[in-house]
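*Asks:* Take this structure, written in structure tokens, and hold onto it; I'll ask about it next.
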Amino acid sequence: MNSINTNSIYGEYAEYLDLVLEDLSKRFKNFDDYVLEQTGEHGFEHIITRIKSDESMREKCIRKGIPETPYSALYINTDAIGMRIVTSFVDDIYLMIKYIKSFDNCEVIEEKDYIKHAKPNGYRSYHLILAVTTDYPDVNGNEKGIYYVEIQIRTIAMDTWASLEHKIRYKKNIAEQELISNELKRCADELASCELSMQTIRGMIRSKLSQNENNDESGNAENKENTVI
Ligand code: 0O2
């Protein structure tokens, strides 16, 4: 049995966070296998998971003016468990959301579509907060405890932009802030336009391929008929 980490802000519940992540990760792997089988392409590129560090969670509690307790960390804050799913195209994001919404033990309690409504700085991503009902106890005394998971779903292009912006956003003490912000926004818009064009190209290729398949099939049917005659 795992020893209880009394120093962790997550208290005795710390051990369940990884288990919730593992369970969800397995489901996404199954989804990927299914999409690959159906379309010949992966459902997503990769997934990054993290449990918010003790230090970051404490810092967040202090920032919000709430006590540094397991209740605050697991119930008031909803991002102790985080997943970032990176897809190739925007369409794949909405397919993934549909899949997530089909989970029977998960309820979407918050949804932010920063793709249809990009942040003023150009940030684009789809955010969901899931309330997952588990077989583990929770901080509210439930035997089938509820654990929150923050899921960010974005394309490779959106992810690249967010990573670069994250790296440079803290470097505030430099001149020409406005120019830099405008340039970042311009890059985000150009990437968005570029990836929509790439998605259109994928659509064209897919419809060409299925047209060819249909032609092949009807060709084969004709051949069969010919054989019969
Ligand atoms: P970390 O370490 O990434 O988890 P919250 O502060 O979570 O209570 P908020 O800010 O309204 O509430 O949540 P939102 O808008 O859903 O954003 C949460 C996360 O999205 C952030 O987590 C970032 O990871 C990411 N994000 C949001 N806006 C931006 C942005 O403009 N640029 C980049 N690069 N990432 C962004 P945290 O809290 O920053 O920490």
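*Asks:* With every protein chain kept in the model, how would you rank LEU209, LEU19 by accessible area, 1.4 Å probe, largest at the top?
*Replies:* Correct descending sequence by accessible area is LEU209, LEU19.
*Asks:* Follow-up question, since we're still on this one. Could you estimate the translational diffusion coefficient of the range 108-181 from the Stokes-Einstein equation, with Rh from the Kirkwood formula over C-alpha pairs, at 20 °C and 1.002 mPa s, in whole µm²/s?
*Replies:* Result for D is 144 µm²/s.
*Asks:* Can you give me the % of accessible surface on the range 73-197 that is carbon or sulfur? Probe 1.4 Å, all protein chains present, nothing else counted.
*Replies:* Within the range 73-197, the accessible surface is 54 percent carbon and sulfur.
*Asks:* Return one whole number: the accessible area per residue of the chain in Å², for a 1.4 Å probe.
*Replies:* 62
*Asks:* Let me ask another. Which residues make up the longest stretch of the chain clear of chymotrypsin sites (Phe, Trp or Tyr not before Pro) that lie in a DSSP loop with no more than 15 other Cβ atoms within 10 Å, not counting the sites?
*Replies:* Working: sites that count: PHE103, TYR170.
Longest gap between qualifying sites, sites excluded: 1-102.
*Asks:* LYS101: net charge of surrounding residues, Cβ under 14 Å, Lys/Arg +1, Asp/Glu -1, itself excluded? Can you show the working numbers first?
*Replies:* Working: positive: ARG27, LYS98; negative: ASP104, GLU107, GLU110, GLU111, ASP113.
Taking every other residue near LYS101 into account, the sum is -3.
*Asks:* What lysines could a cross-link reach from LYS52, if we take a straight Cα to Cα line under 27 Å and drop same-chain neighbours fewer than 8 places away?
*Replies:* LYS26, LYS29, LYS60, LYS64, LYS98, LYS101, LYS112, LYS119, LYS144, LYS167, LYS171, LYS172
*Asks:* Sticking with this structure for a sec: Over all alpha-carbon pairs in the chain, figure out the percentage whose distance exceeds 26 Å.
*Replies:* 52
*Asks:* If you average 1/r over all unlike Cα pairs in the range 1-65 and invert the result, what Kirkwood radius do you get in angstrom?
*Replies:* 14.4
*Asks:* 7 Å from Cα along Cα→Cβ at both LYS26 and LYS64: what's the point-to-point distance in nm?
*Replies:* The answer from the label model is 3.0 nm.
*Asks:* Moving on. Of the trypsin sites (Lys or Arg not before Pro) in the range 97-126, which ones lie in a loop per DSSP and count no more than 10 other C-beta atoms within 10 Å?
*Replies:* LYS116
*Asks:* Give, in nm to one decimal, the length gained when the segment between SER8 and ASP113 is fully stretched (0.36 nm per residue of separation minus the Cα-Cα distance).
*Replies:* 34.5 nm
*Asks:* Would you please name the GluC sites (Glu not before Pro) within the range 27-120 that are DSSP coil residues with at most 16 other C-beta atoms within 10 Å of their C-beta?
*Replies:* Passing sites in the range 27-120 are GLU41, GLU45, GLU68.
*Asks:* For a quick check of understanding: with a 1.4 angstrom probe and all protein chains in place, what accessible area in square angstrom does HIS127 have, to the nearest ten?
*Replies:* Here the residue's solvent-accessible area equals roughly 30 Å².
*Asks:* Nearest 5 is fine: what % of DSSP beta bridges in the chain come out antiparallel, could you say?
*Replies:* Around 75 percent antiparallel, to the nearest 5.
*Asks:* Radius of gyration and Dmax for the range 1-118's Cα atoms, expressed in Å?
*Replies:* Every Cα atom of the range 1-118 included, Rg and Dmax give 16.7, 50 Å.
*Asks:* Still on this structure, I have one more. Name the residue from TYR148, TYR123, LEU196 whose Cα lies farthest towards the positive end of the charge dipole of the chain, charges +1 on Cβ of Lys and Arg and -1 on Cβ of Asp and Glu.
*Replies:* TYR123
The values are calculated or read from the model by the stated rules, or taken from the named source; none is laboratory data. Because the structure is predicted, anything quoted here is derived from the model rather than measured. Note that we place each Cβ from the backbone using ideal geometry, even for glycine, and neighbour counts take in every protein chain shown. For the accessible areas, the whole protein counts, side chains as well, though only heavy atoms, and no ligand, DNA or RNA atoms are used. Shrake-Rupley method; radii C 1.70, N 1.55, O 1.52, S 1.80 Å.
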